[in-house]
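The values are calculated or read from the model by the stated rules, or taken from the named source; none is laboratory data. The structure displayed is predicted, hence computed values, not measured ones. Glycine gets a Cβ as well: all are built from the backbone with ideal geometry, and neighbour counts include every protein chain shown. The accessibility values were calculated without ligands, DNA or RNA, using every heavy atom of the protein model including side chains. Shrake-Rupley method; radii C 1.70, N 1.55, O 1.52, S 1.80 Å.
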Amino acid sequence: MSSDVIDGRLERASARVGDRTDFGPDLAAVRALSTVQPGALPIAVNGIRVAASIRPRKFVIEGGDDTPVTMPRTAFQVVYPDCSVMIDSGLDKATHDSFSPDKPEPYFAGEFAKLTRALNEARLIIVTHYHADHVAGILSAANFPELARKTIITTETARCLVETPHRPHLKLSRDAVANFIVLDYPACYPVAPGIVLIKAPGHSPDSQMVFIRLQSGRDILHSVDSAWVMDNILQVKGKAAPWVKEDVPAVMAQLRWLKRIHETDKNVTILVTHDDAHFDAVTKSGIVGAGLAPQ
Ligand SMILES: [Zn+2]
């Protein structure tokens, strides 16, 4: 047998394994996991927008037109009676500007200053994936080692930060990445009271979603970047930006799963990272607090 044939077979086999076209964690099992860590459940989730990118809708969703869409760059704070956990870190202005050096896009320095304070005060930080708009707030911080030592990343995120940094200036050495708390888990992991990480590779190889059960009984499912906007989920249509390299079958399976939850489980509020109108809606409704809790 020629090595070409063998290579072809291996490729097909790994494609099958990598397809993940059946993404569908059992939400009842995730809910059960959310209460295994000792400690009070969270009392609130807050959100903050530190920047935005403006892209034609045709890049944001398959079949979109030229209408400009404002996509905020957000982070979230899970509030406990006596501490807080941050989900993602936003990004510093220099990193934000590095995405569009010729055409500055909105940056809210005052909001990033609030986010920086919240990161400093947080008991724990969770990074959902290695992309700059989620992790640069930590990587660029003057007190990087201090922040990294209370930040949980996966082994896959650690690998990406070292081997395939999202921006060249964010590349980490092996010594630097060793500051993080590095975690590996097969599917789901109860990382703190009420919080369950859900492995969801697709948007990036290391992507995770975050399930949060509040004391009130409400559930929040942060789908992170599987969708950029809620319409990706509601219409089950992926992103269409030429620069986005995703595992498309995996992302589509996640969009189908998220849509099913949205339609059938009214106790769950789905968040996405980059949807301005949805951020407005969930903060106006009071499900997510607008702005971070004073520390
Ligand atoms: Zn993002």
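For region 114-130, backbone phi angles converted through the Karplus equation (6.51, -1.76, 1.60; θ = phi - 60°) give residue-by-residue couplings of 5, 5, 4, 4, 5, 5, 5, 7, 5, 6, 8, 10, 10, 9, 6, 6, 7 Hz, Gly and Pro being listed as x.
Counting only Cβ charges, +1 for Lys and Arg and -1 for Asp and Glu, the dipole size of region 115-236 around its Cα centre is about 260 debye.
Applying 1/(1 + (r/R0)^6) with R0 = 30 Å to the Cβ-Cβ distance of Ala94 and Ala176 gives a FRET efficiency near 0.95.
Take every Cα pair under 8 Å whose residues are at least 6 apart in sequence, average their separation, divide by the length of the chain, and the relative contact order is 22 percent. With a threshold of 20 Å on the Cα-Cα distance, the over-threshold entries among Lys93/Lys284; Lys114/Lys199; Lys103/Lys284; Lys239/Lys259; Lys237/Lys284 are Lys93/Lys284; Lys114/Lys199; Lys103/Lys284; Lys237/Lys284.
Solvent-accessible surface (1.4 Å probe) assigned to Tyr189 amounts to roughly 80 Å².
A crude spin-label estimate for the pair Glu105 and Asp265, with each label 7 Å from Cα along the Cβ direction, gives 3.1 nm.
Shape class for region 26-151, computed from the alpha carbon gyration tensor (a ≥ b ≥ c): oblate, with a/c not under 1.5 and a/b at or below b/c. GNM on the chain, alpha-carbon springs under 10 angstrom: the most fluctuating residue among Trp228, Trp257, Trp243 is Trp243. Comparing Ile270, Ile233, Ile54 in a Gaussian network model of the chain (Cα springs below 10 Å), the most mobile by mean-square fluctuation is Ile54. Segment Asn143..Ala277, full-extension length gain: 44.9 nm, with 0.36 nm per residue of separation and the alpha-carbon distance subtracted. Gain on full extension, evaluated as 0.36 nm per residue between Arg218 and Glu62 minus their Cα-Cα distance, stands at 53.0 nm. Using the Cβ of Pro101 as centre and a radius below 14 Å, the other residues enclosed give a net charge of 0, where K and R count +1 and D and E count -1. Distance between the C-alpha centres of region 48-102 and region 206-257: 14 Å, rounded to the whole angstrom. Given R0 = 30 Å, the distance between the Cβ atoms of Arg31 and Thr155 translates into a calculated FRET efficiency of 0.70. Taking square-rooted eigenvalues a ≥ b ≥ c of the alpha carbon gyration tensor, is region 117-186 rounded, prolate or oblate, where a/c under 1.5 means rounded and, failing that, a/b exceeding b/c means prolate? Oblate is the answer for region 117-186, as a/c is 1.5 or above yet b/c matches or exceeds a/b.
Gain on full extension, evaluated as 0.36 nm per residue between Arg123 and Ile43 minus their Cα-Cα distance, stands at 27.3 nm. As a fraction of the 1.4 Å probe accessible area of the chain, surface on carbon and sulfur atoms comes out at 55 percent. Run the dipole for the chain about the Cα centre, Lys and Arg Cβ at +1, Asp and Glu Cβ at -1, nothing else charged, and hand back the magnitude in debye, nearest 20. Using Cβ point charges on Lys, Arg, Asp and Glu, the chain gives about 380 debye.
Under the criterion of Cα pairs below 8 Å and six or more residues apart, the relative contact order for region 146-244 equals 17 percent. In terms of the Cα gyration tensor, with a ≥ b ≥ c the square roots of its eigenvalues, is the chain rounded because a/c is under 1.5, prolate because a/b exceeds b/c, or oblate? Judged from the Cα gyration tensor, the chain comes out rounded (a/c under 1.5).
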